[in-house]
Amino acid sequence: MKFYGEMRIQGSGPLDGARFDALAYALAEIEQTDAAVAEVDLTASLAQGWVTASMIIDQEDLERAVAKLIATVRTAIYPNGDIAGSWKFLAETADLSIRPADRRAGGD
């Protein structure tokens, strides 16, 4: 089943264009090599230091889709020289959402 997921993370320290680009490139590489991840997109506020990653995730059920979303974002962070402690994962808040892909905002 396909799910649409969004996850916001908050960076500690400055979030500049280079750091954003590194995360975007790492997510694009995952999208190219992992058939379970598609349509990756990033939005951000460099001034406020947050990034929201969105993607389509192909998994058997909602629980696995949530785990895949979190794992994908975490995996993208490490190649950038970032460590988990330099990003606050907001998975416990409303800043993580996932739903069947046919129910995405905007009617996609």
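Numbers for the structure displayed
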{"read-out": "Taking only Cα atoms of the range 1-51, radius of gyration then Dmax in Å", "value": "12.1, 37"}
{"read-out": "Inter-probe distance in nm under a simple model that places probes 7 Å from Cα toward Cβ, at THR75 and THR33", "value": "0.8"}
{"read-out": "Cα-projected label distance for PHE20 with ASP41, points at 7 Å along beta-carbon direction, nm", "value": "1.5"}
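Coordinate-derived values only; no laboratory data. On a predicted model such as this, the values are computed, not experimentally measured, just so you know. So basically every Cβ, Gly included, is an ideal-geometry build from the backbone, and we count neighbours across all protein chains shown.
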